[in-house]
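Just below is one structure, and these are the notes that go with it.
The values are calculated or read from the model by the stated rules, or taken from the named source; none is laboratory data. Just so we're clear, the structure is a prediction, and the values are computed from it rather than from any experiment. Cβ atoms come from the backbone with ideal geometry, glycine included; neighbour counts cover every protein chain shown. SASA here: full protein model, heavy atoms, side chains in, ligands and nucleic acids out. Shrake-Rupley method; radii C 1.70, N 1.55, O 1.52, S 1.80 Å.
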Amino acid sequence: MTDRLPAPVRRVTDTFRSFTPGQKAVTIAAVVALIVGAYFFATWASKPTYSILFNNLSNKDASAIVESLQKSGTSYELANDGQTVLVPQDQVNELRLSLSSEGLPGDEGTGYSLLDQQGITTSDFMQKTNYQRALEGELANTIKSIEGVEAATVHLVIPQKDVFADNQDTPTASVLVASSSTRPLSSDQVQSIVHLVASSVEGLDPTQVTVAGSDGKILSTGGGAAIGTGGDSGAEAQTVAFQNRMNSSLQKLVESLVGPGHAVVTTNAVLDFDQTSTQTKTYNADPSVPALSESNSREAYNGAQNCAGGVLGPDNIAGPGCTTGSTGEQGQYENSTSVKNNAINETQETRKSAPGKISKLTVAVLLDSSVAGTVDPAQVQQLVSAAAGIDATRGDTIAVSAMPFDTSAAQAAQSALSASTAAAQQAKQMSLIKTGALGAIVLALLFLAWRFSRRGKKRRGLTPEERKHLEDMQAALEAQRLAELNQAIPAQMLEAGTAMDDTNVQAREERQREIEQMVKDQPDEMAVLLRGWLSADATR
């Protein structure tokens, strides 16, 4: 039956039959393990990569989409409590077009689709309310398209305009966003959300937009506060960032003098985040420029002083008269007025101070006295003051001190690190030793299996002709052995037929055992010998 099989199959079959029971069990277990591993690998490799088909779906839309996918036989997965539907990545675009033709998702409840549901009997209040709801839905959908935003909700407060009111309330907005826990939104993304909402609503100022995360942290506060993330205000975040930059730069400067780990620099900055605006007007008159308008007026009087005289009253008292000078001059009067409206150059300057100005800065430098003996603290103070921009007029201060450092914690940490490194190295070595020992055992087992299979092959390597020749040789050897025994046996032993028969049987059995032992111990030599005999017989 096995002769009909191909040569490679027969070779494998013969090799497997030559194994011992333990080797057969190991081989079968290895083959089963390979088949199971190949099955799981093929299953994993053939599994498609899933991508988001629709996100933030209502229960009604999710149910309708899943039902449609089941009818078409498309594989899918649900995530985010059933609000997200995942399908194979290569089918996303096709399925979106197919589901859109079916009107899915249809129960959005937001967006400008709300305006399509209005009738001619809709009141003005409902029209305004629906428009606000539609605007909120469109903004939420737009914000969700930003990378990292999984869900968004927008609330708008749009005051009603009154043509008879002088002061109008300004619109405000609040945005609630949900992002991945492993990838929070950055400051740039929060700022883009703020300005996106502010630019989409008429009269909405970016400072009146509040953005909060789903975890309850304020990402951007309204009322003119700066934008920040992680629950900290923008002022605090910028202050901490400024202090960290100052500490890092000054630390490198000082450590270049005393060495790494022998200096500590700490800065405390007070930054002014108030936005101030200053307006200045300057008037300059240029004499070379002609006047815009000019008016002159002159008044003059010339007259002789001829005064009439007389008496007043009953007593004949002379009244006042006019007297003239010795030269006899007449009276004169002159008045002139000139008015000019010159051109004046007006210069109006508006200055807006950006927030973040340093109001006060304090720097403390601590040096390790064990290594800072040759360093002059005064020079260090002067150097750090110049690098930090210390200004005494605004109240900045700097302090430099040299004290011994407590290195016990550092030494303990170093010891723990060394012990951990040594343990990790030892564990790695033990793992390598175990792996090497296991590999050596496997190689030894494989070598023993190969050796046994080769020996079995050699044992079964004789052809029928070789076996027949070996049997003939065994019979000839037995005959020769019997002849020798017959010559050596005394005459008196020939008479005892029973004893001679026993001796022949024993000699025959002994010779057979010797031949069998020779075939077992030296199969190669015996095979070569037999082939030589066969070739010699063939030439005769």
Notebook entry, point to check: For residue 243, are the conditions met, namely being buried (at least 16 other Cβ atoms within 10 Å of the Cβ), assigned to a helix (DSSP H, G or I), polar (S, T, N, Q) and modelled with pLDDT under 85?
Noted result: no
Note to self: From the list 399, 412, 416, exactly one residue is modelled with pLDDT of 85 or more and either outside any loop (DSSP other than H, G, I, E, B) or among the acidic types (Asp, Glu) (or both). Which is it?
What the structure shows: 399
Margin query: Anything in segment 125-167 that is over 19 Å from residue 195 (Cβ atoms), open to solvent by 70 Å² or more (accessible area, probe 1.4 Å) and in contact with a helix residue (DSSP H, G or I) (Cβ under 9 Å, 6 or more places away or on another chain)? List them, or say none.
Written below: 127, 131, 133, 150, 160
Check: For segment 173-201, which residues satisfy the criterion of being of a type in the set (Val, Ile, Thr) and at pLDDT below 80?
Finding: 182
Notebook entry, point to check: Looking only at residues in segment 271-300 that are open to solvent by less than 80 Å² (accessible area, probe 1.4 Å) and acidic (Asp, Glu), which one is nearest to residue 395 (Cα to Cα)?
Noted result: 272
Notebook entry, point to check: In segment 146-203, how many are in contact (Cβ under 8 Å) with a residue 24 or more places away in the chain, hydrophobic (A, V, I, L, M, F, W, C) and under 24 Å from residue 124 (Cβ atoms)?
Noted result: 5
Check: So residue 396 fits all but one of (1) in contact with a strand residue (DSSP E or B) (Cβ under 6 Å, 6 or more places away or on another chain); (2) under 14 Å from residue 265 (Cβ atoms); what number is the exception?
Finding: (2)
